[in-house]
Amino acid sequence: KSLIGASVERVEHGTTLVDQAGVTMAEVVSSIKRVTDIMGEISAASNEQALGVAQVGEAVSQMDQTTQQNAALVEEMAAAASSLKAQAQELVQTVAVFKLADGARHTAAKVNVRAPRSASSPFEGTERRSLAHAAKPAKAAVTPASKKSPTAKPPALTNRVGPAPKTQPKPAPAGGDEDWETF
């Protein structure tokens, strides 16, 4: 009977150990699940990070292309400015041939073609109007004084440039195309 009692005790102790092993195995399985979930999250975060790095690389590539395009445009603008400067110098030399009365020629020859125009102050056309006025004969000298306002100042080049000679247009004769003249 003592052997049977000892055997029963050992079976009960073995059952307890098996129950503890089952609980431990369940904890190991749940821990493995948690580790698997964490590994999945790490993998998803790594994929998102790889996509983010790829997008950053694409953005850097686009910025590089834009920078290269801007550099090409700057080179084109510099070439155009150089060409425009050369054309302006040629124009100044061409216009310098014309003779104006009382030193107006000196004023036109002193035009500075090298003066850079800043991008913040757009061209308003005042220089062009004054140069165009200097090249044309003044019509203010021919108009009667009664039409002028009392506060209006005469143009600066009125005394320097004489009026243009007036020509009378010839009446066109009635007829065909053979009466046309070439100027």
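Have a look at Lys99, Lys85 and point out the one that is at pLDDT 95 or above and either over 23 Å from the mean Cα position of the chain (by Cα) or not in a loop (DSSP other than H, G, I, E, B) (or both).
Lys85
Report whether or not Ala50 is assigned to a helix (DSSP H, G or I), over 60 Å from the mean Cα position of the chain (by Cα) and surrounded by 10 or more Cβ atoms within 10 Å (Cβ to Cβ).
no
Would you be able to tell me the number of residues in region 71-94 that are surrounded by 11 or more Cβ atoms within 10 Å (Cβ to Cβ) and of a type in the set (Val, Ile, Thr)?
So the answer is 1.
The values are calculated or read from the model by the stated rules, or taken from the named source; none is laboratory data. Everything quoted here is computed from the prediction, not taken from an experiment. Note that each Cβ is placed from the backbone with ideal geometry, even for glycine, and that neighbours are counted across all protein chains shown.
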